[in-house]
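The structure appears right after this line, and notes come after that.
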Amino acid sequence: DPAKVRAPASLPDTPEVRADIAASLTAVQIADATIGTAIAELEKRGLLENTIIVHTSDNGWQMPHGLAHCYDAGTHVPLAVRWPGKVQPGSVSRAFISLTDLAPTFLEMAGVKSWPEMTGRSFVDVLQGRLDATRDHVFIERERHANVRRGDLSYPVRGIRNERFLYLRNLRPDRWPAGDPELHFAVGPF
């Protein structure tokens, strides 16, 4: 019910914004139900206790300052892991994890050593409840989201996030953040 939705302070509290947020929350409910169906199927087939389940997202919500932006609304994504016998059910960590850490983590889970050229780090230690004091920050960046400017120019932003602060450095503030105002490529209207 959009009337029951609260808009964050960064957005205007209008019926249109509340309707968009309600639609986003509905999509989360649908995803949750779909994941539940997949888990039930694994259980029915006797595979659940021998299956690692990882749920995450590649970006934050699709609202201003969200998708394709380095603000928290664009970089804070869900991460839930079910690993029977290895991850304590209901455990929560505030460690900073980057999506580049997924591949080394999956390799370690499979008993395979990470490749030296990988920039991510396994977070199996975090999953198993061990404190990793080096996971107190994460680097974030944006180069481009889509080919939305003539010459495929980027909108380069670099940043670092820790528990208290988000620092972003826009390397090209002279460019429009979401693409050129003139339609350049068919990703929809600006």
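What the table below lists for this structure:
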{"item": "The stretch 49-190, accessible surface, carbon-and-sulfur percent (1.4 angstrom probe)", "result": "57 percent"}
{"item": "In degrees, nearest ten, helix 15-44 long axis to first principal axis of the chain (Cα)", "result": "20 degrees"}
{"item": "Proximal lysines to Lys86, defined as alpha-carbon separation beneath 20 angstrom and excluding residues fewer than eight positions away on the same chain", "result": "Lys113"}
{"item": "Per-pair calculated FRET efficiency, R0 = 25 Å: Glu163 and Gln128 via Cβ, rounded to 0.05", "result": "0.70"}
{"item": "Spatial extent of the stretch 1-79: Rg and Dmax, with the Cα atoms as the point set, Å", "result": "16.1, 49"}
{"item": "Probe 1.4 Å, protein heavy atoms only - accessible area per residue of the stretch 78-187 in square angstrom", "result": "69 Å²"}
{"item": "Accessible-area value, Ser10, 1.4 Å probe, nucleic acids and ligands omitted, Å²", "result": "80 Å²"}
{"item": "Point-charge dipole on Cβ atoms (K/R +1, D/E -1) for the stretch 90-137, about Cα centre, debye to 20", "result": "80 debye"}
{"item": "Surface accessible to a 1.4 Å probe, Lys44 within the full protein complex, Å²", "result": "150 Å²"}
{"item": "Segment Arg144-Ser91, length gained on full extension (0.36 nm per residue, minus Cα span)", "result": "15.6 nm"}
{"item": "Set of aspartates and glutamates near Lys44 by C-alpha distance (under 19 Å), chain-local residues within fewer than 8 positions excluded", "result": "Asp32"}
{"item": "Cα centre as origin, Lys/Arg/Asp/Glu Cβ charges: the stretch 58-190 dipole, Debye", "result": "180 debye"}
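The values are calculated or read from the model by the stated rules, or taken from the named source; none is laboratory data. Not measured: the values here are computed from a predicted model. Every residue, glycine as well, gets a Cβ built from its backbone with ideal geometry; the counts of neighbours run over all protein chains shown. These area figures cover heavy atoms from the full protein model, side chains too; ligands, DNA and RNA do not enter into them. Shrake-Rupley method; radii C 1.70, N 1.55, O 1.52, S 1.80 Å.
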